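Structure first, commentary second.
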Amino acid sequence: LMFGNNVAHTVVFEKIETPTLTKEEMLSKLLRFLGNKTNLTNAYTKLKATDNMPKNFAGELAYLAENSVTKPVEFETLPKEIASKAAFAKGTVSASRLEKYFDCPFNHFVNYILGVKQKNNIQPTKLLFGNFQHELIEKFVADNNFDVSKVDAKGIERFLDENFMTIAKKHYDEKIISKKSFLAYLKNESVIILRSVAYEQSNSNFRPVKLEEFVGGPIANEVKLVGRVDRIDVCDNYFRILDYKTGNVGSVLKDLYYGNKLQLFLYGKEAQRKLGKDCAGLYYFKCNTNYKSQSAKNENLFRGLTKKDNDVVENSDRRLLDEGSKSDIIGMARKKDDGKQTFSFKYGSPVEDFDVLFDYATKVSQGAIEEIKQGYIKDKPYEGKCEGCPYGAICKHNPLSGYRILQKVEKIELGE
């Protein structure tokens, strides 16, 4: 899309009146004019006159046309009657949507309220790679009866021979997968990742019981949380959640503090309610294949939090039964001469009580939901989130205007 041009696009005006345009096409064209009051007003007037305006967006776009001068977010909020109607029309919200709101309220507004999505890109991207690997891992685990602990290199090769191309064709354009160099790269990455999945299970007593499991429940007044968990593992009376990540993962607790990563905690709370078991851990399973080459602090396969309990830790990685051992999966090491009376491990971000973090994530989310209902759409991103944003040319965020900082909702210790 070409955004924010200060010229009248007369050719597009003609096209925008065409009754055959889909809602997405009309909204995409309207965004061309969002950064300029005259163009936006003209486009809105023409749509309204030809009765082509999607009814559920008329209020938001009219308000923007009447109030936008040089950019659409000089005002911080939409009128409450417009915002509340459009905010949660289906009465549901996902953790990823809440995270997007904390990334930037304006990005959230364009994406979720106006409903304008990025154009599909046939070129290989992290998103396509992530979707491909999600499906590949899910099938790998399911086809082996939810236990890949004994699958060796030949078993992985056999699985890929039978499934690799079928799954690749679902996610990549024909022109891309016709390139031998790209296919060789993708297959090599797949081998490494599937070996990591088998490696982790070969050292753990936890086993997958749910893949792509739906979770949902009330989170705020008239709003229900909905989503899917990549994987839920169980051992005895404990469960843990794994979320496959192909990108970089930072400090899990810091990300919770800023609202950037709520998914593990919100879905963990719902999984706990659904399963009736205690939470043993919340982890990002790092599917970027260079984790072994990173610094010692970040070279673990899992990035996340583990319950401060000897049984949980020992079941997470059986090698930790040995004195002085260290896990390259959860990042914990066994203390020497611990006396077996206290917690026997160090490192790895142990957590005393997950319920405290679950409640914190819920309260942070409720605050975001209320702000969305109030119509807050200010370009107030979390620092670093402007990079690569598809709406930057219409937002024109000025770093001097500051970034969004989330205040704690209660006094709890979040230091790792």
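Determine which member of the set PHE129, PHE164 is part of a helix (DSSP H, G or I), at pLDDT below 95, at negative phi and open to solvent by less than 40 Å² (accessible area, probe 1.4 Å). Walk me through it before giving the result.
On the way: PHE164 fails: at pLDDT below 95.
Only one candidate passes the filter, namely PHE129.
For the stretch 392-407, the candidate set comprises residues that are within 26 Å of LEU256 (Cβ to Cβ) and open to solvent by 100 Å² or more (accessible area, probe 1.4 Å); within that set, the residue that is modelled with the highest pLDDT is ILE405. Kindly establish whether GLY304 is open to solvent by less than 40 Å² (accessible area, probe 1.4 Å) and either modelled with pLDDT of 95 or more or part of a strand (DSSP E or B) (or both). So GLY304 passes the test.
So which of ASN145, ASN188, ASN107, ASN111 is over 24 Å from GLY268 (Cβ atoms), part of a loop (DSSP other than H, G, I, E, B) and not aromatic (Phe, Trp, Tyr)? Step through it out loud before you land on a result.
Details: ASN188 fails: part of a loop (DSSP other than H, G, I, E, B); ASN107 fails: part of a loop (DSSP other than H, G, I, E, B); ASN111 fails: part of a loop (DSSP other than H, G, I, E, B).
Criteria check complete, one pass: ASN145.
Scanning the stretch 297-327 for residues that are over 14 Å from GLN201 (Cβ atoms) and acidic (Asp, Glu) yields GLU299, ASP309, ASP311, GLU314, ASP322, GLU323. For the stretch 252-282, the tally of residues that are open to solvent by 30 Å² or more (accessible area, probe 1.4 Å) and not in a helix (DSSP H, G or I) stands at 4. Is one or more of the residues making up the stretch 372-387 modelled with pLDDT of 80 or more, among the hydrophobic types (A, V, I, L, M, F, W, C), within 30 Å of GLU314 (Cα to Cα) and open to solvent by 50 Å² or more (accessible area, probe 1.4 Å)? Looking for residues that are modelled with pLDDT of 80 or more, among the hydrophobic types (A, V, I, L, M, F, W, C), within 30 Å of GLU314 (Cα to Cα) and open to solvent by 50 Å² or more (accessible area, probe 1.4 Å), one finds none in the stretch 372-387, hence no. A count restricted to the stretch 217-239 and to residues that are closer than 25 Å to ARG318 by Cα and in contact (Cβ under 8 Å) with a residue 60 or more places away in the chain stands at 5.
The rows are residues; the columns are (1) in contact (Cβ under 8 Å) with a residue 12 or more places away in the chain; (2) over 27 Å from LEU256 (Cα atoms); (3) open to solvent by 30 Å² or more (accessible area, probe 1.4 Å).
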position: ARG318; (1), (2), (3): yes, yes, yes
position: SER325; (1), (2), (3): no, yes, no
position: GLY331; (1), (2), (3): yes, no, no
position: LYS335; (1), (2), (3): no, yes, yes
position: THR342; (1), (2), (3): no, yes, yes
position: PHE345; (1), (2), (3): yes, no, no
position: GLY348; (1), (2), (3): yes, no, no
position: VAL351; (1), (2), (3): yes, no, no
position: PHE354; (1), (2), (3): yes, no, no
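Can you pull out the residues in the stretch 136-148 that are out of contact with any strand residue (DSSP E or B) (no Cβ under 7 Å at 6 or more places or on another chain) and surrounded by fewer than 17 Cβ atoms within 10 Å (Cβ to Cβ)?
Of all residues in the stretch 136-148, those out of contact with any strand residue (DSSP E or B) (no Cβ under 7 Å at 6 or more places or on another chain) come to 136, 139-140, 143-145, 148.
Result: LYS139, ASP143, ASN145.
Are any residues in the stretch 307-360 outside any helix (DSSP H, G or I) and of a type in the set (Val, Ile, Thr), and if so, which ones?
Once the filter is applied, which keeps residues that are outside any helix (DSSP H, G or I) and of a type in the set (Val, Ile, Thr), the stretch 307-360 yields ILE329, ILE330, THR342, VAL351.
Could you say whether any residue in the stretch 220-239 is modelled with pLDDT under 95, assigned to a loop (DSSP other than H, G, I, E, B) and farther than 24 Å from MET332 by Cβ? There is at least one residue in the stretch 220-239 that is modelled with pLDDT under 95, assigned to a loop (DSSP other than H, G, I, E, B) and farther than 24 Å from MET332 by Cβ. Can you give me the number of residues within the stretch 330-347 that are in contact with a Leu (Cβ under 7 Å, 6 or more places away or on another chain) and within 13 Å of LEU282 (Cα to Cα)? Total meeting the criteria: 0.
The values are calculated or read from the model by the stated rules, or taken from the named source; none is laboratory data. Not measured: the values here are computed from a predicted model. Note that each Cβ is placed from the backbone with ideal geometry, even for glycine, and that neighbours are counted across all protein chains shown. Side chains are part of the model used for accessible areas, which takes the heavy atoms of the whole protein and leaves out ligands, DNA and RNA. Shrake-Rupley method; radii C 1.70, N 1.55, O 1.52, S 1.80 Å.
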